[in-house]
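A short worksheet on the structure shown next.
The values are calculated or read from the model by the stated rules, or taken from the named source; none is laboratory data. All of these numbers come straight from a predicted model, not from anything done at the bench. Cβ placement follows ideal geometry from the backbone for every residue including glycine, while neighbour counts extend to all protein chains displayed. SASA here: full protein model, heavy atoms, side chains in, ligands and nucleic acids out. Shrake-Rupley method; radii C 1.70, N 1.55, O 1.52, S 1.80 Å.
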Amino acid sequence: GYLVGSGVAFALFAWIAVSPPTAAVYLTLGVIPFAAAALPTRWALDIERQGAPMLVGFLVMGLSVFAGVSGPVLDIFFVRTALDRRAIVATKALTQTIGHCLKLAYFSLVIGDAPGGPVLPPVVYVAAIGTALVGTSSARFVLDRLSNATFLRWSRRLVLGVGAAYLGRGLWLALV
């Protein structure tokens, strides 16, 4: 389902060219985690629900190419789930790998071919892969020391903290 949703978003954004105002992007990314947290349990965004992986794929890929970032949106589907911390991290790792490959294709093939489009030197790709490997390896140290309840509690706090930072930045840009 995640691949289908990502593929649809990839195709849609490859077909249309939209460049939203930066303030609107930050405000949208900031509101999403708080809106998701406010949903009643029966409507909670949970990756295990029917159709959720497709929705996650579409939203995450869409926001990745639309706004350049999508982390808080992916995370909100995991903070109210029954999955344990290892399953959450493994699932998010797979979705992030798929998303990064699609973003690489999108920005290299779709945007990179446009006149004046970005051309990244190969060292950027090597650095990105290297930092991903270091982050993955060092994260296990922390993950092994957390309980599932502590992991989910901190995940919720971090998602809302990042959302608040996005909201603050969006408000600042909108008012200045």
Cross-chain or 6+ apart pairs with Cβ under 6 Å, the range 1-27 first and within 13 Å of P53 (Cα to Cα) and assigned to a helix (DSSP H, G or I), then open to solvent by less than 60 Å² (accessible area, probe 1.4 Å) and among the hydroxyl-bearing types (S, T, Y): Y2/T95
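A quick yes/no check of all residues on (1) among the charged types (D, E, K, R); (2) within 18 Å of A35 (Cα to Cα); (3) surrounded by 15 or more Cβ atoms within 10 Å (Cβ to Cβ); (4) out of contact with any His (no Cβ under 8 Å at 6 or more places or on another chain):
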| residue | (1), (2), (3), (4) |
| --- | --- |
| H100 | no, no, no, yes |
| V123 | no, no, no, yes |
| F141 | no, no, no, yes |
| S147 | no, no, no, yes |
| S155 | no, yes, yes, yes |
| L171 | no, yes, no, yes |
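Quick check on my filter: what residues within the range 129-150 are of a type outside the set (V, I, T) and either in contact with an Asp or Glu (Cβ under 8 Å, 6 or more places away or on another chain) or more than 17 Å from K92 (Cβ to Cβ) (or both)? First the steps, then the outcome.
The initial filter retains those residues of the range 129-150 that are of a type outside the set (V, I, T), namely 130, 132-133, 135, 137-141, 143-149.
Once the filter is applied, which keeps residues that are of a type outside the set (V, I, T) and either in contact with an Asp or Glu (Cβ under 8 Å, 6 or more places away or on another chain) or more than 17 Å from K92 (Cβ to Cβ) (or both), the range 129-150 yields G130, F141, R145, S147, N148, A149.
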Would you be able to say whether some residue in the range 70-88 is open to solvent by 30 Å² or more (accessible area, probe 1.4 Å) and under 17 Å from A128 (Cα atoms)? no
Out of S64, S70, I need the residue that is touching a Phe, Trp or Tyr at 6+ places or on another chain (Cβ under 9 Å) and among the hydroxyl-bearing types (S, T, Y). Which one? S64
